[in-house]
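A short write-up of the structure that comes next.
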Amino acid sequence: MTKISAIVAAALLAAGAAQAQTATANPFYGEVGYTFVKVKADGASIKPGLIRTIVGYELHPNVALEGMFAFGASDDTVDGVKYKVTRSVGLFVTPKYAFDQFEVFGRLGYADSKIKASEAGVSASDSDGSFAYGLGAKYNFDKSFYGAVDYMRYYKKDDVKADGFTLSVGYRF
């Protein structure tokens, strides 16, 4: 009987220590990546590139809140007009599921973007936002570093839509 009591006590102590370790883990993370964007409007499409950053906070092992900021890294020229996404911001709820070193996730939220068009010294810009969503996957290299890939629909209103494929690296603080 004393062996069983000792084993149960050791198991409870080990479980308490494991719980204490997970409770003190920092729920903040951040990532940076390159986004290949495609904007379609009125039958034409442009393909500028973005540098995208994400800052996240894990509310629960299966849900996080994320803020996004992106800025133009490359532009695209169509019919002599140069287009560039000057900025994009968003806020997302991110349901996720982890198994082994992999994690799959979705993003649901709102994104607002500003696009600038210029030709022969004349420029104009416009900004608008809409419901945004996406799916992705992460691979954990270790407890802190990970690589991710995702597809997002950043904007869809009327006959205009913008979506992108992102490759990123991240760090859990």
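For a Förster distance of 41 Å, can you work out the FRET efficiency between the beta-carbons of ASN62 and LYS40, rounded to the nearest 0.05?
Working: r = 34 Å, r/R0 = 0.82.
Computed FRET efficiency for ASN62 and LYS40 comes out at 0.75.
Placing unit charges on the Cβ atoms of the charged side chains and taking the dipole of segment 39-119 about its Cα centre, the candidate lying farthest along the positive direction among ILE54, LEU65, THR86 is THR86. Computed about the Cα centre, the dipole magnitude for the chain is approximately 320 debye when only Lys and Arg (+1) and Asp and Glu (-1) carry charge, each at its Cβ. Ordered from highest to lowest accessible area with the whole protein assembly present and a 1.4 Å probe, VAL37, VAL160 read as VAL160, VAL37. Residue ranges 139-152, 41-54 sort as 41-54, 139-152 when ordered by packing (mean number of other C-beta atoms within 10 Å per residue, highest first). In the calculated pair distance distribution of segment 74-173, what percentage of Cα-Cα distances lie above 17 Å? Cα-Cα pairs in segment 74-173 separated by more than 17 Å: 61 percent.
Relative to the longest principal axis of the Cα atoms of the chain, the long axis of helix 2-24 lies at roughly 20 degrees. Simple point charges give the picture: +1 on the Cβ of Lys and Arg, -1 on the Cβ of Asp and Glu, and for segment 24-72 a dipole about the Cα centre of about 280 debye.
Between THR86 and PHE141, the FRET efficiency estimated from the beta carbon spacing at R0 = 22 angstrom works out to 0.10.
Normalised per residue, the accessible area of the chain is 60 Å², obtained with a 1.4 Å probe and no contribution from ligands, DNA or RNA. Our summary gives the chain a relative contact order of 20 percent, counting only alpha carbon pairs under 8 angstrom and 6 or more residues apart.
Could you tell me which of ALA148, SER45, TYR97 has its Cα farthest along the dipole of the chain towards the positive end, charges placed at Cβ (Lys, Arg +1; Asp, Glu -1), taken about the Cα centre? Result: TYR97, furthest along the dipole toward the positive end. Note on the chain: dipole from Cβ charges, positive end direction compared against SER168, THR77, PRO27; the farthest Cα belongs to PRO27. Taking the convex hull of the alpha carbon positions in segment 25-95 and averaging its projected area over all directions gives 5.6 nm². Sketch the reach of a paramagnetic label on VAL32 as a point 7 Å from Cα along Cα-to-Cβ, and name the residues of segment 46-78 whose backbone nitrogen lies under 20 Å away. In segment 46-78, the label zone of VAL32 (backbone N under 20 Å from the point 7 Å along Cα→Cβ) covers 49-57, 66-75. Computed in the context of the full set of protein chains, the accessible area of the chain at 1.4 Å probe radius has 64% of its extent on carbon or sulfur.
The values are calculated or read from the model by the stated rules, or taken from the named source; none is laboratory data. As the structure is a computational prediction, the values presented were derived from the model and not from experiment. Cβ atoms come from the backbone with ideal geometry, glycine included; neighbour counts cover every protein chain shown. Note: areas computed on protein heavy atoms with side chains; ligands, DNA, RNA excluded. Shrake-Rupley method; radii C 1.70, N 1.55, O 1.52, S 1.80 Å.
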